[in-house]
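**Q** Here's a structure for you.
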Amino acid sequence: MISVSNIERFATHDGPGIRTTVFLKGCYLHCPWCANPETWFLKPVLMHKKQLCVGCRQCEKACPNKAISFQKDWRVERARCQGCGLCAACCLPGALSISGEVMSEEQVIREVMKDLDYYRESNGGVTFSGGEPLYQKEGLKRLLSLAKGNGLHTVLETTGNYPLEDLREIEQYVDLFLFDLKHVDERKLAEVTGGDLKKIMACFGWLSEKRPQDVIVRIPVIPGFNDDALTELIDYARSRNVREINLLPFHNLGKNKWQQLYLPYQYENEKSMSRESLQKYISDDVTIGG
Ligand code: SF4
Ligand code: SF4
């Protein structure tokens, strides 16, 4: 069984052709700009849209675990919440929802196979993203092996923040890697994201040595974090002869999710970055995506 956040059909930005992207739950990092913070919770997670809530307190009555309370405002105690969804089922205005589902790997692949004709026509396939897909390594391995068994092209979007052994175990099932590089400053990376540069470098170094042309490096460009270190990051990725380097300009489209999870969002007043502001970095091997 594997904990899935979302399955997105007809994705066109997560690898070649038309694809289905499976977002898996769990992550080793906590990047403050994350567009999918709901994936940080391994279990299905309760989300609350404050603007729809009329304060009727039906959810409080419905919860068997006493996870919801109204001291001043609506509140959920995450440690008590089991993600059962009983509260959401009785919320008539639709303020509550559960994000995520535990599925069998076979069930996931059955969903993915629904668009097989589109993959064939467009040279597409399936992409596993997250969160960090390796966070559920055994489930991911099973998914990848089922996907390959069904003749699908596989893409893995990953941060590399795990032991190299984990990557070695699944590498043979992956056709293309979208490898996130965020910073080359060990201290800054650890402070802001909780990442371990040594682990990331070990994974990236090994993979780019073994299969450089099957690696696309993705760099999220974040104001105040790495926008002054792009040349260094690009030079480093380029020195490994990877297939392509993709810059992802900062956007704040995940803001609503942070609000619905009651997590503090640091980029409340930060505007999305324009593609034009990154034009100077574009070259044969550097593109702008996202
Ligand atoms: S049931 Fe829905 S509308 Fe009523 S208090 Fe709970 S979240 Fe708000
Ligand atoms: S999802 Fe279930 S456990 Fe969590 S707050 Fe709602 S009713 Fe309670």
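The values are calculated or read from the model by the stated rules, or taken from the named source; none is laboratory data. All values reported here derive from a predicted model rather than from experimental measurement. Cβ coordinates were reconstructed from backbone atoms using ideal geometry, including for glycine residues, and neighbour counts include every protein chain displayed.
**Q** Regarding the stretch 49-60, can at least one residue be identified that is surrounded by 19 or more Cβ atoms within 10 Å (Cβ to Cβ), among the β-branched types (Val, Ile, Thr) and not assigned by TED's automatic domain parsing to the domain that holds Leu156?
**A** no
**Q** Can you find a residue in the stretch 203-213 that is assigned by TED's automatic domain parsing to the domain that holds Asp14, part of a loop (DSSP other than H, G, I, E, B) and of a type outside the set (S, T, N, Q)?
**A** The answer is yes; a qualifying residue exists.
**Q** Here is a follow-up. Which helices (runs of 4 or more DSSP H) sit wholly inside the stretch 21-131 and have at least 2 residues that are within 16 Å of ligand 1 (Cβ to nearest atom) and of a type outside the set (S, T, N, Q)?
**A** The helices (runs of 4 or more DSSP H) meeting that bar are 58-62, 86-89.
**Q** I need every pair where a residue in the stretch 76-89 that is on the phi > 0 side of the Ramachandran plot has its Cβ under 6 Å from the Cβ of a residue that is at pLDDT 95 or above and near ligand 2 (Cβ under 7 Å from one of its atoms), sequence separation at least 6 or different chains.
**A** Gly83/Ile98; Gly85/Ile98
**Q** Looking at the stretch 9-48, which of its residues are more than 21 Å from Leu140 (Cβ to Cβ), surrounded by 15 or more Cβ atoms within 10 Å (Cβ to Cβ) and touching a strand residue (DSSP E or B) at 6+ places or on another chain (Cβ under 9 Å)?
**A** Within the stretch 9-48, Gly17, Ile18, Trp33, Leu46, Met47, His48 meet the criteria.
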